[in-house]
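Reading through the structure tokens given below for one structure.
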């Protein structure tokens, strides 16, 4: 019997890939990744890369890749089950006794269905004249009916049992509703009763990347306390992982996210055209949230409230996000306490100006670097200036001039000596970047020309590229799959290997699971996992749009558009994209 995917996900959550790999490989942080000498082939320059955000590894030298289970299999020469047992022992988790157990899956599906029905119920309440105050609250906050509909906003009636009774009529048990945190249980005087968790509050559904309603936030419409009540952790929701509106923001294609504090801030920004706004749930920003955001952006603009609590939250977010390697900017919220108030008072143009004037990342990095050294000593000054030179080496010449002059005046060191140190650091960075670029280009060329795990790829390169684009897109954007699943299936794939990958991915997504490389490891051996990893990571170079996926489906469906293998093998990526554009015009 196969091992339950729920157990594999629990195992991954318990173990940190950086720790497991780091016990065997000396790793150094490079931006949001870690690099080291590959343990699977001899090399002098590190080409082995660990990606904490996707809990995967890949070697640009030998092509080894996969997840934490694949790594242990290769290192210890174990089969799949033995590797899982080894990791489970490290994590202190007992192995499932009877292999696959779908009871957790069935339970999860029931809770998601209950949440979905609850969201419909809350939204429908806004159409009831008795609840006009709730609709007026949203309208008074400047939201349009389209925005209310887009975010599925609603209202929990001022009644103790209305939602509970409605959901029980739909076939859900009291135990399921309690587990979903939609209902609460009371045991008094020897009697058990159930009542609604949310009452007399405007409601904000929290939606995951696959479009599932996983939780709710409820806000009072006056100044009473508590201001917010949120869903507690359930089998389908962990607030330490939660990000509000990432299901919308990830499709903005801006490669940066605007991080604000509350639901209303996010919704107001989206309505004003800032569709890359998100808010992290829970009382403290977590590393899980930071790693999730790093999958979808290289830059974060932090726009927390302009009060002491907001400044404290900003410091926490900077500390956690700083470990991901993303670009960090802090927006000074001048003219209002939060983004919602600024937009309603001054309009979106004013907020855009604030984004453009966000605190320079270099300034922030220099300030953080200062904290590491005792600047009252010569040794501390020397070490700080050396570190500062490495930071400035990544900047443009004007920025280097500005900060070099400031540091020269502050520490009594000549500008010329600082510039010499910066040039030296810049040279090292340039040589390192050029070497990495050449290494990656050579790897991509060799991989695209011929793949040992997929020998049919060379003969059907155009279709294989379309297949891999679909796999990578659905892996990164599960909602794309659910929108297009009726248009494409694994049977449409030309190459056997990609068909296997697609079939496995479809099974994962149809089960309502979040795509993770570990869920492929049971179906593919370590060598095959390297190819699966390469395909899934290629999402970083795609447009990540529904149109791109539809074009790929058209390539697979239209056999008469196939190009001779010799011609396609010589295509550049841009030529390949033009083929898609031409095909679109013919439709």
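The values are calculated or read from the model by the stated rules, or taken from the named source; none is laboratory data. Computed from a predicted model, the values in this text were never measured in an experiment. Note: ideal-geometry Cβ built from the backbone for every residue, glycine included; neighbour counts use all protein chains shown.
Quick look at the numbers
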read-out	value
Residue match in region 246-261 (condition: touching a strand residue (DSSP E or B) at 6+ places or on another chain (Cβ under 6 Å) and within 21 Å of residue 113 (Cβ to Cβ))	yes
Residues being part of a strand (DSSP E or B) and either surrounded by fewer than 20 Cβ atoms within 10 Å (Cβ to Cβ) or without any contact (Cβ under 8 Å) to a residue 40 or more places away in the chain (or both) - total across region 294-335	5
Listing of helices (runs of 4 or more DSSP H) fully contained in region 336-427 that carry 2 or more residues being in contact with a strand residue (DSSP E or B) (Cβ under 8 Å, 6 or more places away or on another chain) and either closer than 22 Å to residue 322 by Cα or in the same structural domain as residue 322 (by TED's automatic domain parsing) (or both)	361-370
Flag for residue 273 being modelled with pLDDT under 95 and closer than 17 Å to residue 339 by Cα	no
Pair list, Cβ < 6 Å and 6+ apart or interchain, from region 486-497 residues that are buried (at least 19 other Cβ atoms within 10 Å of the Cβ) to residues that are part of a helix (DSSP H, G or I)	488/553; 493/467; 493/499; 493/502; 494/463; 495/456; 495/457; 495/464
Unique residue being farther than 30 Å from residue 548 by Cβ, part of a loop (DSSP other than H, G, I, E, B), outside the structural domain of residue 331 (by TED's automatic domain parsing) and touching a helix residue (DSSP H, G or I) at 6+ places or on another chain (Cβ under 8 Å) when the list is 224, 240	240
Members of region 177-198 found to be surrounded by 13 or more Cβ atoms within 10 Å (Cβ to Cβ) and not in a loop (DSSP other than H, G, I, E, B), listed by number	177, 178, 179, 183, 184, 193, 194, 195, 196
Flag for residue 473 being in contact (Cβ under 8 Å) with a residue 60 or more places away in the chain, in the same structural domain as residue 558 (by TED's automatic domain parsing) and not in a helix (DSSP H, G or I)	no
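Per-residue answers, yes or no, for (1) surrounded by 19 or more Cβ atoms within 10 Å (Cβ to Cβ); (2) assigned to a strand (DSSP E or B); (3) modelled with pLDDT of 90 or more; (4) not assigned by TED's automatic domain parsing to the domain that holds residue 320:
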| site | (1), (2), (3), (4) |
| --- | --- |
| 172 | yes, no, yes, yes |
| 175 | no, no, yes, yes |
| 205 | yes, yes, yes, yes |
| 216 | yes, yes, yes, yes |
| 267 | yes, no, yes, no |
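Conditions tested, residue by residue: (1) at negative phi; (2) modelled with pLDDT under 85.
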| residue | (1), (2) |
| --- | --- |
| 9 | yes, yes |
| 55 | no, no |
| 73 | yes, no |
| 84 | yes, no |
